[in-house]
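Read through the structure below, which is laid out as structure tokens, and then see the notes.
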Amino acid sequence: MVDSLVVLHGQTIAYTIYAVVVLLFMAWFAVKITSSGKAGVLSNKLFGVLVILLTIMGVSLHIVTSTTIPWVPIDLNRGDYTPDKVVNVTVKNHEFKFEEEKYTAKVGDLVLFDVTSEDVTYGFGVFRQDNSMVTQMQVVPGHRNDLLWVFQKPGIYTFRSTEYSGPKGHQMIYKDMLEITE
């Protein structure tokens with residue numbers, strides 16, 4: 001599983017390049033139309049070919065980057081995986097309840113976060129020490145809410161709510177709850 005920061009940086013670069021190409025195409029088209037004062041600057045065939053090329057580029061980009069998203073293989077083949085560590089969490093009245101004071105796992109372990117809401121919709125996120133998010137999920141009452149994750153780097157992680165659940169939701173931060181070791 002690729003670290004989510006690597007995916008974020010790679011996709012940021014790829015989608016930025018694609019967006020710049022699209023914007024340059026739009027600017028070029030706008031300049032052509034406004035400089036000549038008539039709409040027929042481009043033939044319908046050329047315009048159609050350019051739009052089709054941009055569409056193919058965009059769809060291809062989505063297909064290529066979808067395989068870099070770390071959780072896709074695990075979610076597609078969920079029955080084939082057995083977690084090495086289970087983190088059971090219950091949430092009610094804007095408070096997470098944990099079975100342990102602090103959780104530990106090793107780099108490469110498959111960790112299952114199984115979160116149950118007993119009242120409203122919450123978010124559950126795992127964050128690095130620098131407050132960047134590793135992963136997160138929405139926690140809906142009356143539904144199974146679980147997330148499988150493989151940590152690629154050692155570190156200490158914080159759990160927090162990532163969904164607006166009312167005025168007390170911003171206080172749902174639990175520092176240094178998970179330690180991933182070598």
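How many residues are within 14 Å of the chain's Cα centre (by Cα) and assigned to a helix (DSSP H, G or I) when one looks only at region 1-36?
The total comes to 9.
Scanning region 29-60 for residues that are at pLDDT 85 or above and polar (S, T, N, Q), which turns out nearest to residue 15 (Cα to Cα)?
60
Considering each residue of region 162-182, count those that are surrounded by 12 or more Cβ atoms within 10 Å (Cβ to Cβ), polar (S, T, N, Q) and in contact (Cβ under 8 Å) with a residue 60 or more places away in the chain, and give that number.
Residues in region 162-182 being surrounded by 12 or more Cβ atoms within 10 Å (Cβ to Cβ), polar (S, T, N, Q) and in contact (Cβ under 8 Å) with a residue 60 or more places away in the chain: 2 in total.
Tell me yes or no: at least one residue of region 48-68 is touching an Asp or Glu at 6+ places or on another chain (Cβ under 9 Å) and surrounded by 13 or more Cβ atoms within 10 Å (Cβ to Cβ).
Kept after step one, since they are touching an Asp or Glu at 6+ places or on another chain (Cβ under 9 Å), are these residues of region 48-68: none.
Taking every residue of region 48-68 in turn, none turns out to be touching an Asp or Glu at 6+ places or on another chain (Cβ under 9 Å) and surrounded by 13 or more Cβ atoms within 10 Å (Cβ to Cβ).
The values are calculated or read from the model by the stated rules, or taken from the named source; none is laboratory data. All values reported here derive from a predicted model rather than from experimental measurement. Positions of Cβ are backbone-derived with ideal geometry, glycine not excepted, and every protein chain shown enters the neighbour counts.
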